[in-house]
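Enquirer: Let me begin by handing over the structure; questions about it come next.
Nothing in this text is a laboratory measurement; each read-out follows from the coordinates by a stated rule. The structure displayed is predicted, hence computed values, not measured ones. FYI the Cβ positions are ideal-geometry reconstructions off the backbone, even for glycines, and counts take in every protein chain you see.
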Amino acid sequence: MMLKVLAIVLVLTTGATASRAADAPADMVLIPAGPFLMGATPEEQQSVLAFGWHGPMRDRVHFLVQYSGPQHSIHLDPFYIDTHEVTNQRYRAFVDATGHRAPTFWHDPRQLADDTQPVVGVSWQDAHAFCAWQGKRLPTEAEWEKAARGTDGRRYPWGQEWDAARLHTADTIAGKPLENFAVWTTWQRGMSAGIETARPAAVGSYPSGASPYGVLDMAGNVWEWVADWYEPEYYASAPARNPIGPERGEAKVLRGGGWDVPK
């Protein structure tokens, strides 16, 4: 079975002091105040369902897609966000300084611990603790999405059309489009014996996949935690300004994508 990457931290400062791009802390960018379009359109939802999902995965994907819309306008205050996913090197400094639990994958024989790779196998609590140690916080889901897609409603960080050369994903590793669920699962089975050749890329390896604000790896490579609890119908009742997610829930939200998943 293919190794599953869990999640990576993406951090930002509190928005209260964010105002000028020139004042951005090192390795962070300003996401200016204003509205943007959040959520999926019916066409985007249908394109995901058309992949031909089967089995338990089909039910899960259909459920998530059902509640990924409607697309709606959200206004956010300004904030700064990291331009790169958090590397093992950065996270190791946190572990060394605090004695916090090290990710399990650092001890894995497949070695997902290269300094330049994004840290994986961290829980939401781990991510929250790392952010607090740096004097930052996790982005809300709305902040993450604006940083990823900008204000024009684009489907991908770089634009409207899919381009496997702009991100690290299963299609990129396979060197060909994995056009449906059956083709993808066949590829997964074939990769199982050679997992050492398929792993997260060094952060920032795909500069052409940058978002309109210059944030990298928002699609592909590894998933990212955000601050929000997950609630299927939250979009329907979310405030139009600075939504922070439901007050409680059973699971936290992941955004982005992974190196072992397809388009």
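Enquirer: On each of the three principal axes of the Cα atoms of region 84-125, give max minus min coordinate, whole Å, ordered largest first.
Expert: Largest first, region 84-125 extends 26, 22, 19 Å along its Cα principal axes.
Enquirer: Let me ask another. How much mean residue ellipticity at 222 nm does the chain get from its helices, if each DSSP H run of length 4 or more adds -39500 (n - 2.57) and you divide by all residues, to the nearest 500 deg cm²/dmol?
Expert: Estimated from H runs of four or more residues: -7500 deg cm²/dmol.
Enquirer: Which of Leu49, Leu167 has the fewest other C-beta atoms within 10 Å, and how do the rest follow up to the most?
Expert: Lowest to highest Cβ neighbour count: Leu49, Leu167.
Enquirer: Another question, if that's okay. Which ordering of Glu179, Glu143 is given by a fewest-first count of other beta-carbon atoms within 10 Å?
Expert: With the sparsest Cβ surroundings first, the list reads Glu179, Glu143.
Enquirer: I would also like to ask the following. Bin width 5 Å, alpha-carbon pairs only: give the P(r) of the chain as whole percents, running from 0 to the bin holding the largest distance.
Expert: 1, 6, 12, 17, 20, 18, 14, 8, 3, 1, 0
Enquirer: Let me ask you something else. Taking the Cα centre of the chain as origin and charging only Cβ (+1 Lys, Arg; -1 Asp, Glu), how large is the dipole, in debye to the nearest 20?
Expert: 200 debye
Enquirer: Anything over 23 Å Cα to Cα? Flag those among Lys176/Lys263; Lys136/Lys263; Lys146/Lys176, in the order listed.
Expert: Table pairs above 23 Å Cα-Cα are Lys136/Lys263; Lys146/Lys176.
Enquirer: For Ser205, Ser211, which order do you get if you count the other beta carbons within 10 Å of each Cβ and list the fewest first?
Expert: Fewest-to-most Cβ neighbours within 10 Å comes out as Ser205, Ser211.
Enquirer: Let me ask something else. Going by amide H atoms built from the backbone, whose H comes under 5 Å of the H on Tyr156, apart from near neighbours?
Expert: Those lying under 5 Å, H to H, from Tyr156: there are none.
Enquirer: Projecting each Cα onto the charge dipole of the chain (Lys/Arg +1, Asp/Glu -1 at the beta carbon, about the Cα centre), which of Ala182, Thr83, Ala40 comes out farthest on the positive side?
Expert: Checked the options; the winner is Ala182.
Enquirer: Here's a follow-up. Along the three principal axes, how long is region 124-263 when you take its alpha carbons, biggest first, rounded to the nearest angstrom?
Expert: Cα spread of region 124-263 along its principal axes, largest to smallest: 43, 32, 32 Å.
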